[in-house]
Amino acid sequence: MEGKTLVVDRENGLATMLMKFAPGAKLPHHQHMLIEQTYVLEGSLVCGEGECKAGEFVWRPAGSQHEAWAGPQGGLMLAIFQIPNKFFQADGRETDQLGNNWDKAWGQTLKRR
């Protein structure tokens with residue numbers, strides 16, 4: 001996955017990203033800390049609940065968890081996070097999308113909300 005951050009407000013946790021996925025690229029198990037919104041520009045985004053195709057919008061409620069992956073053509077998405085996701089690593093670490101310790105990077109931001 002490649003990403004370009006368009007807006008980030010570290011104090012409030014708001015982030016808007018343009019994300020490009022290779023065909024079949026996978027987002028590991030993660031939790032949406034607050035609401036996440038995704039608009040698929042090209043290709044598709046798939047999870048256990050179904051497939052979101054180009055021109056479609058999906059949002060996830062706070063606390064929801066899942067894995068997701070790009071469809072066979074890959075995907076280009078615009079994603080808006082109220083606070084970045086928490087990714088659960090195989091070694092037990094909980095990180096943000098950059099691999100930073102989630103609690104150190106975002107824990108205080110979430111408490112302020």
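The values are calculated or read from the model by the stated rules, or taken from the named source; none is laboratory data. The shown structure was predicted, so the numbers you read here are calculated from the model rather than taken from an experiment. Methodologically, a virtual Cβ is constructed for each residue, glycine included, from the backbone with ideal geometry; neighbour enumeration extends over all protein chains shown. Areas reflect the complete protein model, heavy atoms only, side chains present, ligands, DNA and RNA absent. Shrake-Rupley method; radii C 1.70, N 1.55, O 1.52, S 1.80 Å.
For first residues located in segment 84-101 and free of Cβ contacts under 8 Å to residues at least 40 places away in the same chain, partners that are assigned to a loop (DSSP other than H, G, I, E, B) and lie 6+ apart or on another chain with Cβ distances below 8 Å form the pairs Thr95/Gln89; Asp96/Pro84; Asp96/Asn85; Asn101/Arg93. All conditions in (1) open to solvent by 70 Å² or more (accessible area, probe 1.4 Å); (2) at pLDDT 95 or above; (3) closer than 16 Å to Met1 by Cβ; (4) of a type outside the set (Val, Ile, Thr) hold for Leu98, with the sole exception of (2).
Pick out, from segment 1-60, the strands (runs of 3 or more DSSP E) lying fully within it that include 3 or more residues that are of a type in the set (A, V, I, L, M) and open to solvent by 30 Å² or more (accessible area, probe 1.4 Å).
Working: elements: 2-9, 14-21, 26-31, 36-47, 50-53, 57-60.
Qualifying strands (runs of 3 or more DSSP E): 2-9.
Taken over segment 72-95, residues that are in a loop (DSSP other than H, G, I, E, B) and surrounded by 17 or more Cβ atoms within 10 Å (Cβ to Cβ) amount to 4. Of Leu34, Leu76, all but one fail to be within 23 Å of Glu94 (Cβ to Cβ), in contact (Cβ under 8 Å) with a residue 12 or more places away in the chain and under 15 Å from the mean Cα position of the chain (by Cα); the exception is Leu34. Residues in segment 47-63 that are more than 19 Å from Leu78 (Cβ to Cβ) and either aliphatic (A, V, I, L, M) or in contact (Cβ under 8 Å) with a residue 60 or more places away in the chain (or both): 1 in all.
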